[in-house]
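J.: Can you keep this structure in mind? I'll have questions shortly.
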Amino acid sequence: MLDRFPPEIQTDILSRLSVDDLLRFRCISKSWCAQIDDAVFIKAHLKKFFNTCSSLYLLFADSHPNSLYFASFESLGNAVELDNPLKGPSDAHHNIKMVGSCNGLICYGNAAGTIALLNPLTTKHHILPFLPLDFHLEGKSTWGAWAFGFGYDPISDDYKVVRLGQYLCLFDQFFDTETMVCSLKANTWRRIPGMSYVLGFDQKMGVLVGDSLHWLVGRHRIVLNPNLIVGFNLEVEEFREVPAPELIGENLSINLGVVGDWLSLTANYERMRLDVWVMKEYGEEESWSRLIVIKPNELAPLKCMRTLAFSKKGDELLLRLVDGSLVWYNLKEKSVKSVEIPIAVTPFVVEAFRGSLVSPCLNKEETDAKKVRPQKGKNNRKRDEFLSKGFKLVL
């Protein structure tokens, strides 16, 4: 029936369908499959569908045995297991760390420093060239920490992974930062000028808002409670300070996150309250607004690691607590509801993402060769059934 319409009408109709529907419709005919897999169509679908649909998912990862699961926001209790392309027998291949998500792609790595890009819905992946995690200053004893980030550069139409290596000398005030960038198109790492800030201890994964990644940093050598936000613009590849809300109080710890299109900040006042701030106009200090205030009797333990996403209706906020649990916080009723985690093994890491058809692969041959097959486990639905129903590294 659809074939009777002009090509531009066909494209318009298909671009309004969900990713799950399109993945099923690839099986209808070769022409439909070719059209849905076309790079121009994928970009058109991403532009039209991605910003209007609430097709939100969570990707979960066990530390052991390094399993990956994803679940729709509408059925978080039912998860689909995926093969992990970074899975290996040694301990270095364990300890999965989520770097971030962008346009339906997940960036994650393991303790060995191997990094992969994965689209959980299309099950395609790409492993980046290996970059060793080592650094030595001649004649000096150093401590090293690595931070990562992942995002999209709209000017070059390219996805980029950023690795920050922070090296501190143990006997003086010297520190150095090595900044490496790997673009998907070039598929190679290159070094750019580093930043003049010290990374915080707790949060090493960059938070993506728009075309910039964000980390908590400080100006001094030892940073126990960093209070500055630095942004890395993926287009010009430069670091810039981003204004933070004015926070007052002792025993205060903060974390960065993202909610919708807003940069968010959680401020934990130990045993007192938890504040969640959002920056409604990026880069404008006065646009910081306190979204919620949670008191001890509303949430225990009173410590949130990060904000994940709004619910489909926008009346609830999904939070991950310091103990690893997930809760929905109702913005109107100011109530908390626990979320059933679809995996039994803890600890785990989690990343929120929106579904898309975007491929992390460099070419069609790699796409065909590097597909991740969903696992058929006792406690998991098969992928077809699911669709039909619609790093912190310190050495």
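J.: If you take the beta carbon distance between Arg219 and Asp157 as r and set R0 to 51 Å, what does 1/(1 + (r/R0)^6) give as a FRET efficiency, to the nearest 0.05?
T.: Result of the calculation: an efficiency of 0.90.
J.: On a 1.4 Å probe surface of the protein chains, which of Thr179, Thr188 comes out largest in accessible area, and what is the full order? Walk me through the numbers before you get to the answer.
T.: Values: Thr179 0, Thr188 70 Å².
Of Thr179, Thr188, the descending order of accessible area is Thr188, Thr179.
J.: How large is the accessible surface of Phe25 in square angstrom, using a 1.4 angstrom probe and rounding to the nearest 10?
T.: 60 Å²
J.: With a 1.4 Å probe and every protein chain left in place, tell me how much accessible area Lys337 has, in Å² to the nearest 10.
T.: Taking all protein chains as shown, Lys337 has close to 110 Å².
J.: Given a 1.4 Å probe and the protein chains all in place, what does the accessible area of Asp261 round to, in Å² to the nearest 10?
T.: Number for this one is 140 Å².
J.: Follow-up. Calculate, in nm to one decimal, what Ala44 and Phe25 gain on full extension: separation in residues at 0.36 nm each, minus their alpha carbon distance. Display every interim value, and only then the final one.
T.: Working: separation 19, 0.36 × 19 = 6.84 nm, distance 1.71 nm.
Separation in residues times 0.36 nm, less the Cα-Cα distance, equals 5.1 nm.
J.: If you don't mind, another one. Starting from the residue with the highest accessible area, list Arg190, Arg219 in decreasing order, probe 1.4 Å.
T.: Highest to lowest solvent-accessible surface, that is Arg219, Arg190.
J.: Also, I was wondering about something else. Could you put Lys312, Lys30 in order of accessible surface area, largest first, with the 1.4 Å probe and the full protein assembly present?
T.: Most to least solvent-accessible, the answer reads Lys30, Lys312.
J.: Separate question: Take the cross-link list Lys48/Lys337; Lys160/Lys204; Lys124/Lys160; Lys204/Lys280 and give me the ones stretching past 28 Å between alpha-carbons.
T.: In this structure, Lys48/Lys337 lie more than 28 Å apart at Cα.
The values are calculated or read from the model by the stated rules, or taken from the named source; none is laboratory data. Just so we're clear, the structure is a prediction, and the values are computed from it rather than from any experiment. When we count neighbours, we look across all protein chains shown, and the Cβ atoms used for this are built from the backbone with ideal geometry, even at glycine. What goes into the accessible areas is simple: the full protein's heavy atoms, side chains included, and nothing from ligands, DNA or RNA. Shrake-Rupley method; radii C 1.70, N 1.55, O 1.52, S 1.80 Å.
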